[in-house]
Amino acid sequence: MGWKFYDEAVELLEQRFNYLPQLFRWRGRYYEVDAVERCWTVTRRRRRHHLQRRYFQVQCGDGTFELYQDLVAGTWRLRRARVAPARAWAVRRLAPAWR
């Protein structure tokens, strides 16, 4: 299960300590953060553009996600993800009753 790049907008619904992501919505689904594995900041200056982002690699029940907060625009985005395969419900058959 490798990383897949998305760079799509997410809606951050809750933060922990007014800093760490706790709950976000992406593509209509809600994801609750179980653990923050990494956190780092990237700052770059270009001619007329100033880039400042805060990245978070988070673990959720469905996989690992790399979110970033664009500190200049004030938006949240999903950069990439390792999503676990869809869970299949196991159906057990009952053995026929012997007579």
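A few comments on the model shown:
- Matching residues in the stretch 1-23 - criterion: being more than 20 Å from Val72 (Cα to Cα) and open to solvent by 100 Å² or more (accessible area, probe 1.4 Å): Met1, Lys4, Phe5, Phe17
- Looking only at the stretch 24-34, and only at residues there that are in contact with a strand residue (DSSP E or B) (Cβ under 9 Å, 6 or more places away or on another chain) and open to solvent by 40 Å² or more (accessible area, probe 1.4 Å), the one that is farthest from Gly74 (Cα to Cα): Asp34
- All positions within the stretch 1-26 that are within 19 Å of Pro85 (Cβ to Cβ) and touching a Leu at 6+ places or on another chain (Cβ under 9 Å): Tyr6, Trp26
- Subset of the stretch 17-47 [of a type in the set (Ser, Thr, Tyr), free of Cβ contacts under 8 Å to residues at least 12 places away in the same chain and assigned to a strand (DSSP E or B)]: Thr43
- The listed residues are Ala86, Ala95, and the only one of them that is among the small types (Gly, Ala, Ser), assigned to a loop (DSSP other than H, G, I, E, B) and either modelled with pLDDT of 90 or more or under 17 Å from Gly28 (Cα atoms) (or both) turns out to be Ala86.
- Considering each residue of the stretch 1-16 in turn, at least one proves to be assigned to a loop (DSSP other than H, G, I, E, B) and at pLDDT 95 or above.
- Annotation note: Cβ proximity below 9 Å between a residue of the stretch 58-70 that is under 12 Å from Lys4 (Cα atoms) and outside any strand (DSSP E or B) and a residue that is among the aliphatic types (A, V, I, L, M) and at pLDDT below 95 (sequence gap 6+ or interchain) occurs for no pair.
- Top-ranked residue of the stretch 44-70 - restricted to ones that are over 19 Å from Arg25 (Cα atoms) and at pLDDT 90 or above, ranked as surrounded by the most Cβ atoms within 10 Å (Cβ to Cβ): Arg53
The values are calculated or read from the model by the stated rules, or taken from the named source; none is laboratory data. Fair warning: this is a prediction, and the values are worked out from it, not measured in the lab. Don't worry about glycine lacking a Cβ; one is built from the backbone with ideal geometry, like all the others, and counts go over all protein chains shown. The accessibility values were calculated without ligands, DNA or RNA, using every heavy atom of the protein model including side chains. Shrake-Rupley method; radii C 1.70, N 1.55, O 1.52, S 1.80 Å.
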